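Below: one structure, written as structure tokens.
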Amino acid sequence: MQKVRIKTRAEIEKMQQSGQAAAIVLQRIAETITPGVSTAELDCVARETIAALKATSSFLGYHFPGHTPYPSTICASVNDVVIHGIPNETQLLREGDIIGIDTAVSLRGYHGDNAFTFPVGNISPSAKRLLSATKASLYAAISAAKPGNRIGDVSFQLQHVAESAGFSVLQNFSGHGIGRHLHEEPNVPCMGTPGRGLRLKPGMVLAIEAMVNAGLPDVELLADGWTVTTTDGTLSALFEHTVAVLSDGPEILTGSTIWTE
Ligand code: MF3
Ligand code: CO
């Protein structure tokens, strides 16, 4: 296994800046989301905001082994799309949709990564419950991201909060360490056992991702090689923060007002 990179205080300060840049991009997109807007327009807002921040998209051209390079700036995952939805000019948002936006930037050598699932206008009560449970599962996991705890404690919270609300978590995709690279060790799965896994130390920085399906946990990969959907067609939600594990507890690096409204 590759080694987990511990960040110095100076590196954490740089990651506070890249985290804030990623948060600003998500905030701009939040302001743009309304019925009738295309997911390609959201991608355009992200591209312009990232350029104005003198940052670069961490996703555009990203190469996962066995995949074509990722073609867009953001991932836009509508309704039953779980993750990695590719923005498209012909895909217009409709009242009642939910849309997961995942956006990461690189600024002065460090990445910040965050995601939020937004309601488009009025959404059904069951969709609201999915969004609030998924967000709650992320925050429970963040609270567990403190020195002395283990990855299993973080992952268990993601799973426990989501499943207690009657939903299921993704089995094949994980959050991740983050720093000079978008994806670093360790993996942060959405399911786990308390007391198991790597012990957390001050200076670790984790992109914790709550990925929750309303129905079954099973997913499918579409022919574009990226888009992941629920097999049963039910809704899926995603919330993600970049979090520094500090000696006095977790610090969210990608916070903004969209999380508190
Ligand atoms: N936040 C996701 C992740 O960290 C999104 C990856 S999109 C990709 O895996 F383009 F980078 F693949
Ligand atoms: Co991520």
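The values are calculated or read from the model by the stated rules, or taken from the named source; none is laboratory data. These numbers were taken from a predicted model, which means no experiment stands behind them. Quick reminder, even Gly has a Cβ in these numbers, built from the backbone with ideal geometry, and neighbours come from all protein chains shown. With ligands, DNA and RNA removed, areas are computed over all heavy atoms of the protein, side chains included. Shrake-Rupley method; radii C 1.70, N 1.55, O 1.52, S 1.80 Å.
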Leu246 is checked against (1) surrounded by 24 or more Cβ atoms within 10 Å (Cβ to Cβ); (2) away from ligand 1 (no atom under 16 Å from the Cβ); (3) of a type in the set (A, V, I, L, M) and fails just one. What number does that condition carry? (1)
Which condition does Thr34 not pass, out of (1) within 19 Å of the chain's Cα centre (by Cα); (2) more than 16 Å from ligand 2 (Cβ to nearest atom); (3) surrounded by fewer than 17 Cβ atoms within 10 Å (Cβ to Cβ), if it passes all the others? (1)
Being modelled with pLDDT of 95 or more and on the phi > 0 side of the Ramachandran plot, is that true of even one residue in the stretch 53-69? yes
Restricting attention to the stretch 17-33, the residues that are over 13 Å from Val105 (Cβ atoms) and either touching a residue at least 12 places away in the same chain (Cβ under 8 Å) or outside any helix (DSSP H, G or I) (or both) number exactly 3
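Residue-by-condition table, conditions (1) part of a loop (DSSP other than H, G, I, E, B); (2) within 16 Å of ligand 2 (Cβ to nearest atom):
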| residue | (1), (2) |
| --- | --- |
| Ile123 | yes, no |
| Ser132 | no, no |
| Ala141 | no, yes |
| His181 | yes, yes |
| Leu206 | no, yes |
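Would you call Asn187 open to solvent by 60 Å² or more (accessible area, probe 1.4 Å), under 18 Å from Leu238 (Cα atoms), of a type in the set (S, T, N, Q) and within 13 Å of ligand 2 (Cβ to nearest atom)?
So Asn187 passes the test.
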Tabulated pairs, the stretch 174-201, first acidic (Asp, Glu), second outside any strand (DSSP E or B), C-beta under 7 angstrom, 6+ apart or interchain: Glu184/Arg5; Glu184/Ile178; Glu185/Met1; Glu185/Gln2; Glu185/Lys3; Glu185/Val4
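Can you tell me which residue among Thr229, Thr257 is modelled with pLDDT of 95 or more, over 24 Å from Arg28 (Cα atoms), open to solvent by 10 Å² or more (accessible area, probe 1.4 Å) and not basic (Lys, Arg)? Give the derivation first.
Numbers: Thr257 fails: over 24 Å from Arg28 (Cα atoms).
Step by step, each of Thr229, Thr257 is checked, and only Thr229 is modelled with pLDDT of 95 or more, over 24 Å from Arg28 (Cα atoms), open to solvent by 10 Å² or more (accessible area, probe 1.4 Å) and not basic (Lys, Arg).
Could you say which residue among Val169, Val212 is out of contact with any Phe, Trp or Tyr (no Cβ under 7 Å at 6 or more places or on another chain), farther than 20 Å from Ala244 by Cβ and within 16 Å of ligand 1 (Cβ to nearest atom)? Give the derivation first.
On the way: Val212 fails: out of contact with any Phe, Trp or Tyr (no Cβ under 7 Å at 6 or more places or on another chain).
Within the list Val169, Val212, the selection yields Val169.
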